[in-house]
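Enquirer: Mind having a look at this structure? Questions to follow.
The values are calculated or read from the model by the stated rules, or taken from the named source; none is laboratory data. Only a predicted model underlies this, so the values are computations on that prediction, with no experimental measurement involved. For neighbour counting, all protein chains shown are included, and Cβ atoms are generated from backbone atoms with ideal geometry for every residue, glycine included.
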Amino acid sequence: MLQLPKETHWRSLVWLLFAILTTYVGFAYSWAAALLCLWVSFVISFTTVFFPRCQWLCPVHCRTHQKTILITIDDGPDPATTPVLLDLLDQYKTKAIFFMIGEKVLAHPELAREVIRRGHEIGNHTQTHPRSTFWVAGPIRTHREILNCQSAVEMVTKTKPRWFRAPVGHRNFFTYSVAQSLGLQIMAWSQRGYDTVHKDTQQVLGRILPNLSFGDIVLIHDSTPIAAEVLAGLLSHMKVLAKTVNK
């Protein structure tokens, strides 16, 4: 039987109690007061769920304390793009964290193992990447998505992910307790170019490079038509920044 972290049950209870309290306020005082409670709940929920860097719900790593720029690559592995990205990273002698989808790890185990073999790290990006529904997932589904991805990566690569990133960065109320129970820390980002939305490489890089600085965590994506071009542009710019600092 699936065993959920105790904190997950408490978080479920908190929300249930709030719903009961809101209903009581409505009957005891006025529906206007009840609606106000619901509005406050909505604002808190919206902010904690849809703002990936929000710290209200749990600790989220958005920057690195090292004097470097951390590249994170989501949604792989992909036979068409991952090998090219690995070659580019080798060329620039740069390491990255690949946040991988569990189903893709199982479908392309050799690529996941190659990422580890080349000295990179794999993060947990859920088993099926339910980008439209993870934010409303309940405790059981949240646990299943994170645990199954963790198990897939461990089974294939013999390494244990340390980091978790929710699909699109949209966490739900149970994400932190589940991640914590599996020894995972949550990572967001400080720079992104929306490369899954825009297909123009220069437009994507134009969002990332002007404000890029040491300490940033950059989000880009595997499995896109411009993945290699975006990574190449990012790595080239990082090389220039490094030379400027070392002068």
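Enquirer: For residues that are out of contact with any strand residue (DSSP E or B) (no Cβ under 8 Å at 6 or more places or on another chain) and assigned to a helix (DSSP H, G or I), tally how many sit in the stretch 139-165.
Expert: 14
Enquirer: Assuming residue 243 fulfils every condition listed in (1) surrounded by fewer than 17 Cβ atoms within 10 Å (Cβ to Cβ); (2) under 22 Å from residue 90 (Cα atoms); (3) under 19 Å from the mean Cα position of the chain (by Cα) apart from one, which condition is it?
Expert: (3)
Enquirer: Restricting to the stretch 69-91, name every residue that is part of a loop (DSSP other than H, G, I, E, B) and in contact with a Ser or Thr (Cβ under 9 Å, 6 or more places away or on another chain).
Expert: Those that are part of a loop (DSSP other than H, G, I, E, B) and in contact with a Ser or Thr (Cβ under 9 Å, 6 or more places away or on another chain): 69, 77, 78, 80, 81.
Enquirer: Could I ask something else about it? Take the residues in the stretch 116-135 that are buried (at least 21 other Cβ atoms within 10 Å of the Cβ) and in contact with a Phe, Trp or Tyr (Cβ under 8 Å, 6 or more places away or on another chain), then tell me which one is farthest from residue 161 (Cα to Cα).
Expert: Going through the qualifying residues, I end up with 135.
Enquirer: In the list 94, 126, which residue meets the criterion of being more than 25 Å from residue 235 (Cα to Cα) and modelled with pLDDT of 95 or more?
Expert: Going through 94, 126 in turn, the sole match is 126.
Enquirer: Then there is this: For residue 197, only one of the following conditions fails: (1) hydrophobic (A, V, I, L, M, F, W, C); (2) free of Cβ contacts under 8 Å to residues at least 24 places away in the same chain; (3) not in a loop (DSSP other than H, G, I, E, B). What is its number?
Expert: (3)
Enquirer: Another question about this same structure. Check 152, 166 and return the single one that is buried (at least 21 other Cβ atoms within 10 Å of the Cβ) and farther than 18 Å from residue 51 by Cβ.
Expert: 152
Enquirer: May I ask you to list the residues in the stretch 166-194 that are part of a helix (DSSP H, G or I), farther than 16 Å from residue 127 by Cα and within 15 Å of the chain's Cα centre (by Cα)?
Expert: 176, 180
Enquirer: Is it the case, given these coordinates, that residue 46 is modelled with pLDDT of 70 or more and more than 20 Å from residue 140 (Cα to Cα)?
Expert: It is false that residue 46 is modelled with pLDDT of 70 or more and more than 20 Å from residue 140 (Cα to Cα).
Enquirer: Consider residue 142 against the criteria (1) of a type in the set (S, T, N, Q); (2) surrounded by fewer than 20 Cβ atoms within 10 Å (Cβ to Cβ); (3) over 29 Å from residue 228 (Cβ atoms); (4) at pLDDT 95 or above: it satisfies all of them except one. Which criterion is unmet?
Expert: So the condition that residue 142 fails would be (2).
Enquirer: Still on this model: Tell me which residues, restricted to the stretch 176-187, are touching a strand residue (DSSP E or B) at 6+ places or on another chain (Cβ under 7 Å) and surrounded by 17 or more Cβ atoms within 10 Å (Cβ to Cβ).
Expert: Within the stretch 176-187, 176, 179, 184, 186, 187 meet the criteria.
Enquirer: Every residue in the stretch 221-245 that is touching a strand residue (DSSP E or B) at 6+ places or on another chain (Cβ under 6 Å) and either assigned to a loop (DSSP other than H, G, I, E, B) or modelled with pLDDT under 95 (or both), please.
Expert: Selection gives 222, 223.
Enquirer: Only one of 159, 68, 81 is β-branched (Val, Ile, Thr) and surrounded by 15 or more Cβ atoms within 10 Å (Cβ to Cβ); which?
Expert: 81
Enquirer: If you check residue 204 against the conditions, is it in a helix (DSSP H, G or I), in contact with a Lys or Arg (Cβ under 7 Å, 6 or more places away or on another chain), in the same structural domain as residue 237 (by TED's automatic domain parsing) and among the aliphatic types (A, V, I, L, M)?
Expert: Judged against the criteria, residue 204 is not a match.
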